[in-house]
1. Arranged by the count of other C-beta atoms within 10 angstrom, fewest first, what order do GLU3, GLU214 take?
2. Can you list the residues, at least 5 places off or on another chain, whose amide H is less than 5 Å from the amide H of TRP129, using H built in the peptide plane?
3. Using modelled backbone amide H atoms (1.01 Å from N, in-plane), which distant-in-sequence or interchain residues come within less than 5 Å of VAL2's amide H?
4. Figure the gain on full extension for LEU212 and ARG140 (residue separation times 0.36 nm, minus the Cα-Cα span) and round it to one decimal in nm.
5. Volume per residue, Å³, of the convex hull around the alpha-carbon atoms of the chain?
6. I'd like the distance separating the alpha-carbon centroids of the stretch 86-144 and the stretch 1-46, in whole Å.
7. Decide, for the stretch 13-71, between rounded, prolate and oblate: order the square roots of the alpha carbon gyration tensor eigenvalues as a ≥ b ≥ c, take rounded if a/c falls under 1.5, and otherwise choose prolate if a/b is larger than b/c, else oblate.
8. Mind checking the dipole of the chain: about its Cα centre, +1 per Lys or Arg Cβ, -1 per Asp or Glu Cβ, Debye to the nearest 20?
Amino acid sequence: MVEYTKELKKHIATLDSCEERINLLTSQYDGKTAVILLTGPTLNNHDEVQMRNMFRERDDLVILSVKQAYHKTLDTTDFHIMNHWNIDRKNPFEYKNIENTICFWSCTNSFLQEHLQIIQDNNHPCDIWIPILNPPDITREQSIQATCNFELFKLLGTEYYSIWGTSILYSTAIPMALHLGCKDLVFVAWDLKIKNQGHSYEEGEKMVPVELEEEYEAMRSTYNLYDWCSNLDIKLRVVSDVSPIDERIKRVQIKDL
């Protein structure tokens, strides 16, 4: 975790627009390693207390926790990456030391007003939000993982929106990590759901169903992702013993970061 995230959060609160807030974050974490924690089942393989202790001691690591992964990182989270799918919309996360964490929401453009109203009506902490273009604005075949057009990651800092990932990793987490200036990305529990259908958390009744072909498409996209990142000197690593993503993406352990 990075100590000056607290100061950035205070500064963000003084700015009127999300565009200004996103601009403020440009390259603020230049040269640091972004640790992006996802909600794959292998997230439960880690001793969360030891992991948090390590994160507290490492000012060179920027911690981006996706949705329920926050329960593992708590107040060591620099950025909480959120959207409205597969969460309890009526009950906000119970944050520990909320002043440590910048809450970043992506809102589906086809439900934009409804999603913004959910944030407001249910008092979800939200420091920044962006719209995610989805059908009917784009087709399924125009999603980031379908096209492998990873130049779309850069929209966050220029047009202040993003494109359907279809995963939150592609639409929101990676774009934010790159916008922050990080060129070393570590993905924790990027397991996909080809062999393991579950999540690291107990699932509710209104889960978005898994589409296996979409998962295979995501897996195939990682080969192009690796090539795109390599051309830009962006380093990729993954912490997962079951991940089916491109084998050129180095497998590591949390303790070895």
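Each value in this text was obtained by applying a stated rule to the coordinates, not by laboratory testing. It should be emphasised that the depicted structure is a prediction, and the values quoted were computed from it without experimental measurement. As a convention, Cβ positions derive from the backbone with ideal geometry for all residues, glycine included, and neighbour counts pool all protein chains shown.
1. Least to most surrounded, the residues fall as GLU3, GLU214.
2. TRP105
3. Sorted by chain and number, the residues that satisfy this are ILE63.
4. 24.4 nm
5. About 119 Å³ per residue, rounded to a whole number.
6. Computed from Cα coordinates, the inter-centre distance equals 16 Å.
7. Taking the square roots of the gyration eigenvalues as a ≥ b ≥ c, the stretch 13-71 is prolate.
8. 400
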